[in-house]
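Single-structure report; data block below.
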Amino acid sequence: MNKESYSIPIGPVHPSLKEPMTFNFEIYGERIEKVNLAPGDNHRGIEFMGRQRNPIQIIYLAERICGICSASHPFAFCRAVENAAGIEVPERAQYIRVIIAELERIHSHILWAGVAAHELGFDSVLYLSWRAREKVLDLLEDLTGNRINYGIFMIGGVRRDISEEQIPRIRETLEYYKDIYGKIEDIFLNDPTIALRTKNVGVLTKEDALRLCAVGPTTRASGINKDIRQDQPYSAYADLEVKAITPDVLTGEVNGDVYDRIIVRLLELVQSIQIIEQCLDNMPSGEIVVEKKLVKLLNQLKKAKGEGIGRHEAPRGEVIHYVKLNESELPEVWKARAPTYNNLMTWVPMLIGQQIADIPIVIASIDPCIACMDRVTILNKANGQKDTLTKKDLHELSVQKTRRIAP
Amino acid sequence: MEYIKPGKIIELFEEKFDGSVINSKIEIKTAGLKKNSYNVIWLQINPEDLKNIVKFLCSITPFPHFAMISGNDIGENIELIYHFSIYYGERFKETSISLVMHLSKKNLKILTITDLIPGAQTAEREIKEMFGVIVEGLPDLANIFLPKDFPKGVYPLRKDEKGAAKMVNKEEEVKKVE
């Protein structure tokens, strides 16, 4: 490893699964017997960087922890600072925050659907679903100014209001997704090939999910009723009826396999649309931020003393931030934890006993900030030979398996 | 499992672990137009009793959700906070419980809780690397977040002389492990 790659190699934020992540598998024939995970190849030291920044600067750093969850981390961070400093967020800002967070969930879940289709070898579905995702990204650009990294969160509220003229456009976009939802559902839930590739594959039992403290759709697909929007409602979620979605809503049974994870994410798309509609109907008027002048806000935070936790149900699960303010310009502690950090260990029970060709879809099924396996080392027990498979080889194996079993 | 109110939970802890609970507070947070509320519990405890307290927490509710461990270097001591939440599954019932502990830098040792909550392994490995806390009972595995050739005896999130601040500008002074 060269020196440039880790000049500041510190910081326990764990956004890196999109980037290098090494898996070591021990296989017997085609069957996986042992899984070793080796993350940390792309640790950026974000918490360490946060030590030299004031709370407002950290919002933008937190936004860049993940390119897809770019509303989730600032949401959790702002809540942590607000809890620590005792700031109450105006109601209108709470509603705007929820609208942005749910729009993010729509685009994230559609992105995931595309990735899953790609891993199975349905590239036309990938193109079509990502085409459908453009619509919500355009809407986000209209509302916040950016397609990703929205820059809309501020301690004590949001930076931009949603005007009356923008509401018809939001409704129009929601109608568009309601229209195409039937098609998405038909492709993913009724296609016999997808069912063959995903049913009883990558099973995570309810007990394993509880023991490993899994979060988000991964845990809900195993039948656990866990969703922060339901259990500990914050912001506008406290006014809305949000229920955790488990796969038995649709099929009447819980298997905890990849197919169930698809069901949960698709149903959450519908749920997000309903939440946004409720928000638009009930949105109160008023201020959108507690303190408009940033210098004044910074001064207030400089005098604050206290600690706070901020939690948010991101598309992938619970994001939690902890902040401690100690009457100084810089926060004393800032700790961030992304959902994949908790879901990491669930790969082990999911992958053991599976075939090599199932690795891509099982890994993608927890929606790690993208399953990019640069390098997979495979130890063949039969002849003791060590082979390295690249992502391309694995993808090829996965596509071949789909062709083989397609009816 | 029966729902126990936050005040009662603290009483139970104080009763069961006499003298171990140093500090406690309950925060009530409200949100939305209807101002519904949920509870956050902070407990400062004696680090030696961590394992028993977590065991007791598991007896109150079968699978407490373990979120993360946050750490802070406060001079003589390292402050560790174990963030849990219990009673998930019902609206407004979920209660966050944060266990605060102060570990002396002269004796940085804590018992692992992975036998009770296997999901805590990643977090325990992380505090081991970042703060140099010895987690007793945790298998000695390779670095999880730091590179394999990271210098020994440097703990990135420490704020004292063992911290990584010197690596930012004077990297050549830090010896590398073979």
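The conditions of being under 27 Å from B:Ile22 (Cα atoms), more than 9 Å from chain A (Cβ to nearest Cβ) and touching a Gly at 6+ places or on another chain (Cβ under 7 Å) are not met by B:Phe84. Could you check the range B:4-52 and list, in sequence order, the residues that are farther than 30 Å from A:Cys279 by Cα and of a type in the set (Gly, Ala, Ser)? Across the range B:4-52, the qualifying residues are B:Gly7, B:Gly19, B:Ser20, B:Ser24. Take the residues in the range A:280-293 that are in contact with a Phe, Trp or Tyr (Cβ under 9 Å, 6 or more places away or on another chain) and within 11 Å of another protein chain (Cβ to nearest Cβ), then tell me which one is farthest from A:Ile155 (Cα to Cα). Among those residues, the one meeting the criterion is A:Asn282. In a strand (DSSP E or B), under 17 Å from B:Val135 (Cβ atoms) and in contact with a Ser or Thr (Cβ under 6 Å, 6 or more places away or on another chain): is that true of B:His83 in this structure? Taking the combined requirement at face value, the residue satisfies it. Taken over the range A:114-151, the criterion of being crowded, with 23+ Cβ neighbours inside 10 Å and either among the basic types (Lys, Arg) or within 16 Å of the chain's Cα centre (by Cα) (or both) is satisfied by A:Ala116 alone. Looking across the range B:60-72 at every residue that is more than 13 Å from A:Val215 (Cα to Cα) and in contact with a strand residue (DSSP E or B) (Cβ under 8 Å, 6 or more places away or on another chain), the one that is farthest from the other protein chains (Cβ to nearest Cβ) is identified as B:Ile60.
The residues listed here are A:Thr251, A:Thr205, A:Thr193, A:Thr198; of these, the one that is among the hydroxyl-bearing types (Ser, Thr, Tyr), over 30 Å from B:Leu116 (Cα atoms) and touching a Ser or Thr at 6+ places or on another chain (Cβ under 7 Å) is A:Thr193.
Being in a strand (DSSP E or B) and either among the aromatic types (Phe, Trp, Tyr) or modelled with pLDDT under 95 (or both) is a property that B:Met68 has. For residues that are over 30 Å from A:Val89 (Cβ atoms), within 14 Å of chain A (Cβ to nearest Cβ) and without any contact (Cβ under 8 Å) to a residue 60 or more places away in the chain, scanning just the range B:31-59, find the one that is surrounded by the fewest Cβ atoms within 10 Å (Cβ to Cβ). Within the range B:31-59, the match that is surrounded by the fewest Cβ atoms within 10 Å (Cβ to Cβ) is B:Cys58.
Only one of the numbered conditions (1) within 14 Å of chain A (Cβ to nearest Cβ); (2) under 26 Å from B:Arg158 (Cα atoms); (3) among the basic types (Lys, Arg) is not met by B:Lys25, and that is (2).
Selection of the range B:100-121 for residues being assigned to a helix (DSSP H, G or I), in contact with a strand residue (DSSP E or B) (Cβ under 9 Å, 6 or more places away or on another chain) and within 13 Å of another protein chain (Cβ to nearest Cβ) yields B:Gly119, B:Ala120.
For the range A:164-218, residues that are within 14 Å of chain B (Cβ to nearest Cβ) and under 23 Å from A:Leu111 (Cβ atoms) total 5. Residues of the range B:133-153 that are in a loop (DSSP other than H, G, I, E, B), in contact with a Leu (Cβ under 9 Å, 6 or more places away or on another chain) and crowded, with 20+ Cβ neighbours inside 10 Å: B:Val133, B:Ile144.
In this structure, A:Val249 qualifies as more than 19 Å from the chain's Cα centre (by Cα) and of a type in the set (A, V, I, L, M). Does A:Gly216 qualify as being under 25 Å from A:His312 (Cα atoms), more than 22 Å from the chain's Cα centre (by Cα) and crowded, with 23+ Cβ neighbours inside 10 Å? No. The residue that is nearest to the other protein chains (Cβ to nearest Cβ), among those in the range A:245-262 that are crowded, with 23+ Cβ neighbours inside 10 Å and aliphatic (A, V, I, L, M), is A:Val258.
With (1) surrounded by fewer than 19 Cβ atoms within 10 Å (Cβ to Cβ); (2) within 14 Å of chain B (Cβ to nearest Cβ) as the list, and A:Gln232 as the residue in question, which single condition is left unmet? So A:Gln232 meets the others, but not (1). Are any of the residues in the range B:22-32 under 18 Å from the mean Cα position of the chain (by Cα) and among the small types (Gly, Ala, Ser)? Checked against the condition, which is being under 18 Å from the mean Cα position of the chain (by Cα) and among the small types (Gly, Ala, Ser), the range B:22-32 yields at least one hit. In the set (1) within 11 Å of chain B (Cβ to nearest Cβ); (2) crowded, with 24+ Cβ neighbours inside 10 Å; (3) in contact with a strand residue (DSSP E or B) (Cβ under 6 Å, 6 or more places away or on another chain), the condition left unmet by A:Glu332 is number (2). If you check A:Ile320, A:Ile288, A:Ile275 for being in contact (Cβ under 8 Å) with a residue 24 or more places away in the chain, in contact with a strand residue (DSSP E or B) (Cβ under 8 Å, 6 or more places away or on another chain) and within 30 Å of A:Thr218 (Cα to Cα), only one passes: A:Ile320. Any residue at all in the range A:168-188 that's assigned to a loop (DSSP other than H, G, I, E, B) and of a type outside the set (A, V, I, L, M, F, W, C)? No, the range A:168-188 contains no residue that is assigned to a loop (DSSP other than H, G, I, E, B) and of a type outside the set (A, V, I, L, M, F, W, C). Can you tell me which residues in the range A:319-372 are touching a Lys or Arg at 6+ places or on another chain (Cβ under 6 Å), closer than 17 Å to B:His83 by Cβ and not in a helix (DSSP H, G or I)? Within the range A:319-372, A:Ile320, A:Tyr322, A:Glu332, A:Val333 qualify.
The values are calculated or read from the model by the stated rules, or taken from the named source; none is laboratory data. What you see is a predicted model, and the numbers here were worked out from it, not measured in a lab. Cβ atoms come from the backbone with ideal geometry, glycine included; neighbour counts cover every protein chain shown.
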